[in-house]
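> One structure coming up, written as C-alpha cells, with questions to follow.
The values are calculated or read from the model by the stated rules, or taken from the named source; none is laboratory data. Model, not experiment: these values are computed from the prediction. Note: ideal-geometry Cβ built from the backbone for every residue, glycine included; neighbour counts use all protein chains shown. Ligands, DNA and RNA are stripped out before the accessible areas are found, and what is left, the full protein with its side chains, is counted by its heavy atoms. Shrake-Rupley method; radii C 1.70, N 1.55, O 1.52, S 1.80 Å.
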Amino acid sequence: MLTYVARRFLYSIPVLIISTFLSFTFISLAGDPTANIRSNPQFSVTTLKHLQHEFHLDRSIPVRYGYWIQDIFEHELGRSLKTSQPIWPDIKRTLGHTAQLVLIAEALALVCGIAVGILSAIRQYSPFDYLFTSAAFVGVAMPAFWLALLLQILFVNVYLKWNVRIFYTSGLNNIGEGTWSIDRLQHIALPALTLCTLNFAVYSRFMRASMLDVINSDYVRTARAKGLSEPRVVLRHVVRNAMIPLVTVATLNLGALLGGAIVTETVYSLDGIGYYFNQKLGQLDLYAVMAYLLVTSVLIIAFNLVADILYGYLDPRIRYS
C-alpha cells in the first residue's frame, strides 16, 4: 500500500505541473491583469512599469510561470497583484469557511442519501421508492443558483411577515460571533441545505442502483441460505459492497466542493474560497486565481487517492502492490 501511495504521489507531480501551466497560460492570455490599474488616473506610467517589473508581467509566460513556482515555495503562494498583500492568509481563511460549510452539507447528504438508497432498494417499487425517486430526479435537475434563490426568497418572506429570524440569507456571521456559534449556523444553514439537497439526490440514486446490483448476487443468496437474518445480510454483505461506487462519487465530489462551491457561495455572499475565486477572477488578479486553482488541483488529486485507498478497505479483493 505504501508503495502504491508513493507511486501515485509521484504521478501527481507532472499532472500538477501540466495543469497549472495550462491554467496560467489561459488566464494570462484572457486579458491584461493591469487593465483596472491603467484605468485609474492616480497611477502614473512610472508606477505601472514598476508594478509590471515587480510582478514580472513584462516577461514571457514560461518565465512568469517559473517565477510563480518560485513564489509558491518562498513566499507562500506569492502576493496579490491588486493589493500587494500575501495570498496565503486569504486562501487559508476562505478555505476554512468553505470546509465548514461543505463538511456539514456532505455529512447530511451522505447519511440521508445512503439511508434512503438502502430503503428504496429493499422496498423496490413501493410508494416510498416512487416518492424518493421522483424527489431525486427533481434534485438532480434543479440548478444550484435557482434553489438558493428560492430558499432566500422563502426565508426573507417569513422574516418580513412574522418578524421571525430563522436563518440568514447572506454573509457568514454577525460581528463578534464565533466560528461554531448559533449565529454562524444560522448563516450557513441555507447554503448547507442547498448543497445537501443537490448531493442527496445524487447519492440516493447511486446507492439504490448499487444496492439492486448487489442484493441478488450469488454470495448474498448463499448468506441467506446459511440462515443469516435479513438485516445482517443487508448490512454486512450488501451495503458494504454497494458502497464502493458511492465512494468514488462522494470523495471526488467532496474534493471538488472543498475547492469551492462557487455558485452557492456567490448567491449567499459567503466568504468561502469559491466566492474568493469569483471576485479575483473578475479583477483579473492572476496570482490569486492561480493560487485558488493550485489548491483545488491538490484537493482533487488527494481525494482521488483517498477513494482508491477506501476501495481496498471496502472490498478485500482489491489489493495494491
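> So how tilted is helix 2-30 from the main axis of the chain? Cα-based, degrees 0 to 90, rounded to 10.
Here the helix axis deviates by roughly 50 degrees.
> Report the calculated FRET efficiency for Phe43 and Thr3 (r = Cβ-Cβ distance, R0 = 45 Å), to the nearest 0.05.
Using R0 = 45 Å, I get an efficiency of 0.25.
> While we're here: Of all the accessible heavy-atom surface of the chain, with the other protein chains kept in place and a 1.4 Å probe, what percent is carbon and sulfur?
It is 66 percent, rounded to a whole number.
> Excluding same-chain pairs closer than 8 in sequence, count the lysine pairs in the chain whose Cα atoms lie under 20 Å apart.
Close lysine pairs under the 20 Å cut-off: 4.
> Averaged per residue, what accessible surface does the range 68-186 expose to a 1.4 Å probe, in Å²?
59 Å²
> Ok, one more. Return the FRET efficiency for the residue pair Trp88, Gln283: r is the Cβ-Cβ distance, R0 is 25 Å, and the value is rounded to the nearest 0.05.
0.90
> Moving on to the next point. Pulled fully out, how much extra length does the chain show between Ile175 and Tyr130, if you take 0.36 nm times their separation in residues and subtract their Cα-Cα distance?
Answer, rounded to one decimal: 11.6 nm.
> Round to a whole angstrom and tell me the spacing of the C-alpha centers of the range 111-153 and the range 191-237.
Using only Cα atoms to place each centre, the spacing works out to 16 Å.
> Related question: For the chain, what is the relative contact order in percent, using Cα pairs closer than 8 Å and at least 6 residues apart in sequence?
26 percent
> Using a Förster radius of 51 Å, what is the FRET efficiency between Val63 and Thr248 based on their Cβ-Cβ separation? Nearest 0.05, please.
Rounded to the nearest 0.05, the efficiency is 0.80.
> On a 0 to 90 degree scale, rounded to 10, what angle separates helix 239-258 from the longest Cα axis of the chain?
Result, in degrees: 20.
> Hey, what did the range 193-321 get for relative contact order, percent, Cα under 8 Å, at least 6 apart?
It comes to 25 percent, rounded to a whole number.
> Does the range 1-108 come out rounded, prolate or oblate by the C-alpha gyration tensor, with a ≥ b ≥ c the root eigenvalues, rounded set by a/c under 1.5 and, if not, prolate when a/b is larger than b/c and oblate if not?
The shape class here is oblate.
> Based on DSSP H runs of at least 4 residues, each adding -39500 (n - 2.57), what is the mean residue ellipticity at 222 nm of the chain after dividing by all its residues, to the nearest 500 deg cm²/dmol?
Taking each H run of at least 4 residues, the total per residue is -24500 deg cm²/dmol.
> Please give the Cα centre distance for the range 249-302 versus the range 44-58, rounded to the nearest Å.
Using only Cα atoms to place each centre, the spacing works out to 28 Å.
> Can you bin the range 48-121 into rounded, prolate or oblate? Criterion: square roots of the alpha carbon gyration tensor eigenvalues sorted a ≥ b ≥ c, rounded for a/c under 1.5, prolate for a/b above b/c, oblate for the rest.
In terms of gyration-tensor shape, prolate.
> Report which label in (1) 22.7; (2) 20.5; (3) 21.1 holds the value of Kirkwood radius over Cα pairs in Å derived from the coordinates of this structure.
Answer label, from the structure shown: (1).
> For the range 164-217, run through the chymotrypsin sites (Phe, Trp or Tyr not before Pro) and keep only the ones in DSSP coil with at most 13 other Cβ atoms within 10 Å of their Cβ.
Trp180
> Give the shape of the range 267-315 as rounded, prolate or oblate, defined through the alpha-carbon gyration tensor: a ≥ b ≥ c are the square roots of its eigenvalues, a/c under 1.5 means rounded, and otherwise the shape is prolate if a/b is larger than b/c and oblate if not.
Here the range 267-315 falls in the oblate category.
> To continue, here is another question. So how tilted is helix 273-282 from the main axis of the chain? Cα-based, degrees 0 to 90, rounded to 10.
40 degrees
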